[in-house]
Amino acid sequence: MQTLFTLAQLADPQVAESEKILRACVHCGFCTATCPTYVLLGDELDSPRGRIYLIKEMLENETPPTTEVVTHIDRCLSCLACMTTCPSGVHYMHLVDHARALIDRTYRRSLFDRLLRAALAAVLPHNERLRFALRLAILAKPFARLFEALRLPQIAALLDLAPAPLPPRCAAEAPQVFPATGSRRGRVALMAGCVTPVVGPSILEATVRLLTRHGIEVVLPAGLECCGGVVHHMGREHDSLAAARRNIAAFALMAEPVDAILVTASGCGTTLKDYGFMLRSDSDCASEAARVSGLTMDICEYFSQARLIAAAAPNGISVAYHAACSLQHGQKITRQPKELLCKLGFAVKDVAEGHLCCGSAGTYNILQPDIAKRLRARKVGNIEKLEPDVIAAGNVGCIRQIATGTAIPVVHPVELIDWATGGQVPPALEGRRAALSA
């Protein structure tokens, strides 16, 4: 793609990086076939190629974005399916991140949108605030349809997503060290995250059990907080970089080095693996940021290199594997979770249209509830055709999104792996334990 940036514009490192990305695009349109919003809406401006044109015009002309431009950029899920499909290697993620940061700085949203986004940024990254907010949301759940009638679908979506009842507190939330069982074979840091300890504590508990049982010492460093992904995808660049710097400092203060930094939420993993790029121009922590990115691994990615021994035969329990976008497109991890489950005796089934997003995408299912619901219905429809015993997904956001649309239990792969290697039955499967063991 031809660009017309001036030398003065290209002096800005962000603009220079985006210009390289724009020049890589050859207008082929392969991305349109795998873009969820284009598949649903059929609008060229709701495809990666269309958004690339809008971003190019916005950056080149240095004009504040119009409402139309913001609408189409907001509709992007950042699922990154376009990056998997693109034959030219266009790094769309960094381009749309740049566009969102520019929109946040230069575009004035409606009062409701500003308040909603500010609330999400203030609550989601903080465990105690999120816990309190979810308790209120559970009480207000019966009124979700009323909010829809009042044309406040975002509030209705938020209430629908609140788990009822709220899971018990997670033992693997506070900073501490979990010693390895037997002789220590390795040492890792665990990124607990912000949403997972509150909404999916069983995921972290299964992770700690699995690691320590296999001789791995697990460290939850003091000072860790949200990875910054929640605010990053809303364009709040200052907040996301501040969160990244605090996490990098927390990892640097660990008493002993670790073999890896493990993440169970693939959205967080994609963000941590991008710290090196996000802070590449920060002379104070660029090298540490790159080191953290290099150490970061998804939990299934880590265990794909370890020897696991099944302790309880799964008896061919059928698992529909939902490939989280941030895992398959963002981190290019596609086979490891399925291979681990297959080796342990589960019957893994691929879901049709597995490349399409479920509609979770961070805060997308709250900010864009109509599109998110349509994507969830499409995803659940494809899953239910398989008639699985359980659904496995490697991201807590996907787990909550899919669980609100089906009665089939949804768990993280690590919960199934822990169960099959001597751990506990996943809480979501407790009610079906007898039927699954038959």
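The values are calculated or read from the model by the stated rules, or taken from the named source; none is laboratory data. These figures come from a predicted structure and were not determined experimentally. No Cβ is skipped: glycine too gets one built from the backbone with ideal geometry, and neighbour counts run over all protein chains shown. Ligands, DNA and RNA are excluded from the accessible area calculation, which covers all protein heavy atoms including side chains. Shrake-Rupley method; radii C 1.70, N 1.55, O 1.52, S 1.80 Å.
Quick rundown of the values:
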{"item": "Hits in region 251-294 (condition: more than 20 Å from residue 220 (Cβ to Cβ), out of contact with any Ser or Thr (no Cβ under 9 Å at 6 or more places or on another chain) and among the polar types (S, T, N, Q))", "result": "281, 283, 287"}
{"item": "Some residue of region 197-214 being in a loop (DSSP other than H, G, I, E, B) and in contact with a helix residue (DSSP H, G or I) (Cβ under 6 Å, 6 or more places away or on another chain)", "result": "yes"}
{"item": "Any chance residue 254 is aliphatic (A, V, I, L, M) and modelled with pLDDT under 95", "result": "yes"}
{"item": "Within region 219-256, considering residues that are free of Cβ contacts under 8 Å to residues at least 60 places away in the same chain and open to solvent by 60 Å² or more (accessible area, probe 1.4 Å), the one farthest from residue 299 (Cα to Cα)", "result": "238"}
{"item": "Index of the failed condition, residue 33 passing every other in (1) part of a helix (DSSP H, G or I); (2) within 23 Å of residue 367 (Cβ to Cβ); (3) at pLDDT below 95", "result": "(2)"}
{"item": "Strands (runs of 3 or more DSSP E) fully within region 276-365 counting 1 or more residues that are of a type in the set (S, T, N, Q) and touching a helix residue (DSSP H, G or I) at 6+ places or on another chain (Cβ under 9 Å)", "result": "296-298"}
{"item": "Region 187-209 residues that are closer than 18 Å to residue 167 by Cα, paired with ones that are of a type in the set (Phe, Trp, Tyr) and open to solvent by 10 Å² or more (accessible area, probe 1.4 Å) (beta carbon under 7 Å, 6 or more apart)", "result": "208/178"}
{"item": "Residue selected from region 412-438 under the condition in a loop (DSSP other than H, G, I, E, B) and hydrophobic (A, V, I, L, M, F, W, C), by the criterion modelled with the lowest pLDDT", "result": "438"}
{"item": "Residue that is surrounded by the most Cβ atoms within 10 Å (Cβ to Cβ), among those in region 160-200 that are modelled with pLDDT of 95 or more and in contact with a Phe, Trp or Tyr (Cβ under 8 Å, 6 or more places away or on another chain)", "result": "189"}
